[in-house]
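Here is the structure we will look at.
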Amino acid sequence: MQPAHVAPVGHLQATVGVEVGVPSGTLAKIVDTGQTLADQARTRSLSDAEISQLFDTGVAVLASPPSVGQHFALAYTAFDRTEVQLRYSGGGWRLGMRYQLWRHEESPCDLVVGLGVGRATTSIPISDVVSFIEAHDFERWTFDLPLLVGTSRSWFRVWAGPRFLYTRFEAGLSISLPMNSAAYGALNGHARYLGGQGGIAFGYRYVFLGVELTIAEIFGSATMRTNLATVPRSTNIEGMVVYPAIALMGEF
């Protein structure tokens, strides 16, 4: 929810919004399998192989959780063409900066490149998605490189561009089933998001209402060590993530 322009020096941009994350493809299939096994666990014991599949589900949810979350961001133009950003979203904080390469007043369009780093430690409520699975000591680091082209006028703003994000995460997972002994594990994982985003906003001068859509493919893996086996288990993380967002944006 950042248009493809940097405000003049001394200006502050603020954004408040809501975003929805929906994993699909392989990620969604892994979660569906876990939900089916969790339902079956209410009436029978699960095998070690089936419990391992539940661990895979926990990894998939940690890598890209289905979510509805708030979004709050501030961006201040400290120097000409350069802004610093602070954002809270999905239980984590992101610090970033952007530099404006082109301005539409003197070039074909606006062009902005950025860099950001984020950290989240809020545990993801996996049990809200799949019963009997809990996450502990969750930590995620993310590094992203956005590139946006677009234009801004007094009554509208439009932007689009590619986005790359790399994330590393670790957590403990525990599974407490009605008819099985407790299972627990520790995981380390990483993933790459490759995709793009586009948005448009309408308003006048200082306040705009904007919508944005981000779509990205996710590729990664995670290593899980559990009390069920002496050999660590590896889980591939693949799928697509769709993030629509709507926000109120201001520049002062």
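The values are calculated or read from the model by the stated rules, or taken from the named source; none is laboratory data. This structure is a prediction, so every number in the text was calculated from the model and none was measured. Cβ coordinates were reconstructed from backbone atoms using ideal geometry, including for glycine residues, and neighbour counts include every protein chain displayed. Ligands, DNA and RNA are excluded from the accessible area calculation, which covers all protein heavy atoms including side chains. Shrake-Rupley method; radii C 1.70, N 1.55, O 1.52, S 1.80 Å.
Just checking, which of ARG87, ARG42 is of a type in the set (D, E, K, R), outside any helix (DSSP H, G or I) and over 22 Å from LEU145 (Cβ atoms)?
None of the other options fit; the residue is ARG42.
In this structure, LEU74 does not qualify as at negative phi, in a strand (DSSP E or B) and open to solvent by 70 Å² or more (accessible area, probe 1.4 Å).
One line per residue, one yes/no per condition, for (1) free of Cβ contacts under 8 Å to residues at least 40 places away in the same chain; (2) surrounded by 15 or more Cβ atoms within 10 Å (Cβ to Cβ); (3) in contact with a helix residue (DSSP H, G or I) (Cβ under 9 Å, 6 or more places away or on another chain); (4) of a type in the set (Lys, Arg):
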{"residue": "VAL18", "(1), (2), (3), (4)": "no, no, no, no"}
{"residue": "PRO23", "(1), (2), (3), (4)": "no, yes, yes, no"}
{"residue": "THR36", "(1), (2), (3), (4)": "yes, no, no, no"}
{"residue": "GLN53", "(1), (2), (3), (4)": "yes, yes, yes, no"}
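It is to be established whether one or more residues within the stretch 78-92 are touching a Phe, Trp or Tyr at 6+ places or on another chain (Cβ under 9 Å) and of a type in the set (Val, Ile, Thr). Yes, the conditions are met somewhere in the stretch 78-92.
Provide a single number: the residues in the stretch 194-206 that are open to solvent by 70 Å² or more (accessible area, probe 1.4 Å) and either among the hydrophobic types (A, V, I, L, M, F, W, C) or part of a loop (DSSP other than H, G, I, E, B) (or both). Counting residues in the stretch 194-206 that are open to solvent by 70 Å² or more (accessible area, probe 1.4 Å) and either among the hydrophobic types (A, V, I, L, M, F, W, C) or part of a loop (DSSP other than H, G, I, E, B) (or both) gives 4. Residue check: TRP93 meets all listed conditions (1) assigned to a strand (DSSP E or B); (2) open to solvent by 60 Å² or more (accessible area, probe 1.4 Å); (3) at pLDDT below 90; (4) closer than 30 Å to MET224 by Cβ but one, namely (3). Checked against the criterion of being more than 20 Å from the chain's Cα centre (by Cα), more than 19 Å from HIS190 (Cβ to Cβ) and either modelled with pLDDT of 95 or more or open to solvent by less than 20 Å² (accessible area, probe 1.4 Å) (or both), the stretch 139-148 has no qualifying residue. Against the list (1) of a type outside the set (Lys, Arg); (2) open to solvent by 70 Å² or more (accessible area, probe 1.4 Å); (3) modelled with pLDDT under 95; (4) not in a loop (DSSP other than H, G, I, E, B), the condition MET179 fails is (4).
The single condition from (1) surrounded by 14 or more Cβ atoms within 10 Å (Cβ to Cβ); (2) within 26 Å of the chain's Cα centre (by Cα) that LEU46 fails is (2). Evaluation of ALA191 against the conditions (1) buried (at least 17 other Cβ atoms within 10 Å of the Cβ); (2) within 28 Å of ASP48 (Cβ to Cβ); (3) among the small types (Gly, Ala, Ser); (4) touching a His at 6+ places or on another chain (Cβ under 6 Å) shows that the sole unmet condition is (4).
Taking residues in the stretch 210-230 that are under 30 Å from GLU251 (Cβ atoms), and partners anywhere that are open to solvent by less than 50 Å² (accessible area, probe 1.4 Å) and not in a strand (DSSP E or B), the pairs with Cβ atoms closer than 7 Å and at least 6 places apart or on different chains are GLY210/MET1; GLU212/MET1.
Of the residues making up the stretch 149-158, not a single one is in a strand (DSSP E or B), in contact (Cβ under 8 Å) with a residue 60 or more places away in the chain, of a type in the set (A, V, I, L, M) and open to solvent by less than 40 Å² (accessible area, probe 1.4 Å). Return the residue satisfying two criteria in turn: it lies in the stretch 96-116 and is touching a Gly at 6+ places or on another chain (Cβ under 7 Å) and either closer than 16 Å to TYR193 by Cβ or not basic (Lys, Arg) (or both), and of such residues it is surrounded by the most Cβ atoms within 10 Å (Cβ to Cβ). This residue is ASP110.
Screening the stretch 213-252 for residues that are among the hydroxyl-bearing types (Ser, Thr, Tyr) and closer than 23 Å to ARG140 by Cα and picking the one that is most open to solvent (accessible area, probe 1.4 Å) gives SER234.
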